[in-house]
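The values are calculated or read from the model by the stated rules, or taken from the named source; none is laboratory data. As the structure is a prediction and not an experimental result, all values here were calculated from the model. When we count neighbours, we look across all protein chains shown, and the Cβ atoms used for this are built from the backbone with ideal geometry, even at glycine.
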């Protein structure tokens, strides 16, 4: 028997120093289902990038931290709330969905500030 409680686990991560994106319509990619997840990006008034994960796969906090660290290293963005609703997706699928969400953001000219 496992010591990990049953139910949804919520994990929060925060990153600073990213490029502020400004205002944009919320972006939603993926679908919550068996072995998959959805990712939503929303503009915020903060300068940070906040990541909230709600997952059915409890006890994987260090793995989620590594995935979030990798995401921010590849996409140093600010003024964004990332919401992830997970039903047991692998780290590779999580990274794919995060990349898909970022690809849906409005593009700004090089050097423009948001």
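Restrict the check to the range 62-69 and report whether at least one residue is surrounded by 17 or more Cβ atoms within 10 Å (Cβ to Cβ) and out of contact with any strand residue (DSSP E or B) (no Cβ under 8 Å at 6 or more places or on another chain). The answer is yes, given that some residue of the range 62-69 is surrounded by 17 or more Cβ atoms within 10 Å (Cβ to Cβ) and out of contact with any strand residue (DSSP E or B) (no Cβ under 8 Å at 6 or more places or on another chain). Exactly one residue among 92, 50, 73 is within 13 Å of residue 15 (Cα to Cα) and over 12 Å from the mean Cα position of the chain (by Cα), and that residue is 73. When residue 76 is tested against the conditions (1) surrounded by 14 or more Cβ atoms within 10 Å (Cβ to Cβ); (2) at pLDDT 95 or above; (3) in contact with a strand residue (DSSP E or B) (Cβ under 8 Å, 6 or more places away or on another chain), the lone failure is (1). For the range 60-99, which positions are closer than 18 Å to residue 43 by Cβ and assigned to a helix (DSSP H, G or I)? Result: 71, 72, 98. Taken over the range 37-59, residues that are assigned to a loop (DSSP other than H, G, I, E, B) and in contact with a strand residue (DSSP E or B) (Cβ under 6 Å, 6 or more places away or on another chain) amount to 4.
Mind checking whether some residue in the range 38-50 is in contact with a helix residue (DSSP H, G or I) (Cβ under 9 Å, 6 or more places away or on another chain) and at pLDDT below 90? Within the range 38-50, none of the residues are in contact with a helix residue (DSSP H, G or I) (Cβ under 9 Å, 6 or more places away or on another chain) and at pLDDT below 90.
Selection of the range 10-28 for residues being in a strand (DSSP E or B) and closer than 17 Å to residue 107 by Cα yields 19, 20, 27, 28. Look through the range 12-28, keep the residues that are at pLDDT 95 or above and either crowded, with 17+ Cβ neighbours inside 10 Å or at positive phi (or both), and return whichever of them is nearest to the chain's Cα centre (by Cα). Restricting to residues being at pLDDT 95 or above and either crowded, with 17+ Cβ neighbours inside 10 Å or at positive phi (or both), the top hit is 13.
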